[in-house]
Amino acid sequence: MTRLLSSILAGAVLLATPLSLHAQSIELQAISDFTNRESGAVPYYLDIAGQRNVLAINAANPDYRNKFARAEHEFTGPAGIYDVTINAMGEIDGDGTYRLLINGIVQGVGVNPPVSVDYTIIEHTFQSIALSPETIIAVESNAVSNDTIPEGDGYAFARGRWRSVVLSVPEGAGTVITDDAIDLALSLSTVEVLAQDGAQIPVIVSVVNQSENTTATSPVVTFDLPDGVTFANGDVCSATRTGVTCEFPEIAPGDVANTSFNVDISQAGWLSISAAISSDQADSERSNNTATLTFESDEADDTATNNNETNPATNTQAESTANSETGANNSTEGNQSASTNAGQSLAGVTTSTSVTSNTGGSAGGGSMGLVHLLVLGCFGLLGNRRVYRAKSN
């Protein structure tokens with residue numbers, strides 16, 4: 001009895017001790033510690049063949065391909081800042097994408113590099129993640145193909161396999177200190193009047209560091225683009241395998257960082273672009289780290305094109321008007337005026353990237369006079385401007 005009581009007391013002391021003092025890391029097994037394996041767009045199954053002991057996606061079902069599965073774990077350890085590593089499996093027939101989510105918010109994205117040996121363990125590490133009891137840790141992955149391994153009438157698919165999640169305490173880290181955390185808030189907007197099948201529109205990004213003391217270093221905004229929307233160009237933004245990534249320099253306390261990039265629209269209807277912001281520091285408020293931009297894309301207006309071809313005089317007059325008004329905007333004063341109008345959607349601060357790209361023709365390529373008129377109209381010159389704001393999740 002004495003030995004039993006001593007063991008219970010020792011266990012209680014161990015549980016009460018901060019993680020950094022009694023363990024350097026905790027490894028959570030995918031097949032045993034993660035539940036809700038059907039909470040994603042497609043389900044996971046347990047792959048224990050060959051002692052793999054991983055979660056995987058049944059890519060033999062065509063409906064499960066190129067979609068994300070999700071599994072969740074409720075954290076029960078001490079509050080603190082952790083480095084979180086997903087131990088994924090490399091597969092020779094495809095390079096899967098892995099996402100870490102905390103309470104439903106994407107904290108980071110990793111893509112497997114190509115491998116020559118199946119089931120190679122690949123680590124995707126996301127640093128400085130703030131965790132507290134009852135936090136929901138989730139992992140998502142997808143089944144993809146690199147179109148190199150023939151199988152049946154097509155090619156074999158990697159199954160988005162992953163084995164575990166490791167929580168490590170960085171040296172010198174312990175409990176979360178609010179004064180050392182940041183509070184990044186993300187918002188998105190666009191110009192709805194430009195949204196049309198076959199057209200190009202700007203996605204305007206604004207990030208605010210609402211922290212009073214801490215500078216955010218290496219902020220990154222990661223975008224998921226839906227079908228019908230593809231990246232065209234941008235200054236600090238670039239296309240990735242899963243969407244778009246915008247990398248900012250550091251953002252001081254109270255400062256606002258803005259940028260924009262252009263996307264090509266290839267279908268009509270309601271479209272949604274989702275995004276998440278992260279940086280090197282823990283974020284004290286995660287509810288404003290994500291945003292969704294929803295807008296309606298109209299069908300291409302073939303009537304206007306046909307009327308212009310039928311009436312050359314009307315077409316010439318429209319092009320002359322567009323060229324005249326665009327020429328006025330090419331002056332410094334004109335560009336500043338357009339930037340000010342666009343910036344009203346971002347609390348008065350934005351860049352003119354989206355304006356010059358759509359009016360100048362370098363990004364728009366073969367934009368016609370009608371598109372020029374629409375651009376000028378949306379920024380107040382024709383009195384018909386509407387701006388859609390992002391809806392924060």
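The values are calculated or read from the model by the stated rules, or taken from the named source; none is laboratory data. Because the structure is predicted, anything quoted here is derived from the model rather than measured. Heads up, the Cβs are rebuilt from the backbone with ideal geometry, glycines too, and the neighbour counts pull from every protein chain shown.
Could you list, in sequence order, all residues of the range 83-122 that are among the small types (Gly, Ala, Ser) and crowded, with 17+ Cβ neighbours inside 10 Å?
Residues of the range 83-122 among the small types (Gly, Ala, Ser): 88, 90, 94, 96, 104, 108, 110, 116.
Ala88, Gly90, Gly94, Gly96, Gly108, Gly110, listed by residue number.
Please go through the range 190-213 and pick out each residue that is modelled with pLDDT of 90 or more, more than 17 Å from Asn289 (Cβ to Cβ) and polar (S, T, N, Q).
Thr190, Gln196, Gln200
Identify, from the list Val109, Val42, Val54, Val13, the residue that is at pLDDT below 95 and either closer than 30 Å to Gly243 by Cβ or within 24 Å of the chain's Cα centre (by Cα) (or both).
That would be Val109, the only listed residue that is at pLDDT below 95 and either closer than 30 Å to Gly243 by Cβ or within 24 Å of the chain's Cα centre (by Cα) (or both).
Tell me which residues, restricted to the range 123-156, are out of contact with any Asp or Glu (no Cβ under 9 Å at 6 or more places or on another chain), surrounded by 15 or more Cβ atoms within 10 Å (Cβ to Cβ) and either part of a strand (DSSP E or B) or of a type outside the set (A, V, I, L, M) (or both).
Selection gives His124, Leu131, Glu140, Ser141, Asn142.
Considering every residue within the range 152-174, establish whether at least one is in contact (Cβ under 8 Å) with a residue 12 or more places away in the chain, within 25 Å of the chain's Cα centre (by Cα), closer than 21 Å to Val220 by Cα and assigned by TED's automatic domain parsing to the domain that holds Gly90.
No, that holds for no residue.
I'd like to know if the range 192-214 contains one or more residues that are in contact (Cβ under 8 Å) with a residue 60 or more places away in the chain, surrounded by fewer than 23 Cβ atoms within 10 Å (Cβ to Cβ) and touching a Cys at 6+ places or on another chain (Cβ under 6 Å).
Yes, the range 192-214 has at least one match.
Answer yes if at least one residue in the range 236-254 is part of a strand (DSSP E or B), surrounded by fewer than 19 Cβ atoms within 10 Å (Cβ to Cβ), touching a residue at least 40 places away in the same chain (Cβ under 8 Å) and not hydrophobic (A, V, I, L, M, F, W, C), and no otherwise.
no
Residue by residue through the range 255-282, note down the ones that are touching a helix residue (DSSP H, G or I) at 6+ places or on another chain (Cβ under 8 Å) and part of a loop (DSSP other than H, G, I, E, B).
Scanning the range 255-282 gives Gln281, Ala282.
Given Ala291, Ala282, Ala257, which one is within 23 Å of Asn142 (Cβ to Cβ) and hydrophobic (A, V, I, L, M, F, W, C)?
Ala291
How about the range 235-273: which of its residues are more than 14 Å from Leu293 (Cβ to Cβ) and modelled with pLDDT under 90?
Across the range 235-273, the qualifying residues are Asp235, Thr240, Arg241, Thr242, Pro249.
Working carefully through the options Ala143, Ala130, find the one that is more than 17 Å from Gln29 (Cα to Cα), touching a helix residue (DSSP H, G or I) at 6+ places or on another chain (Cβ under 7 Å) and in contact (Cβ under 8 Å) with a residue 40 or more places away in the chain.
Answer to the selection: Ala143.
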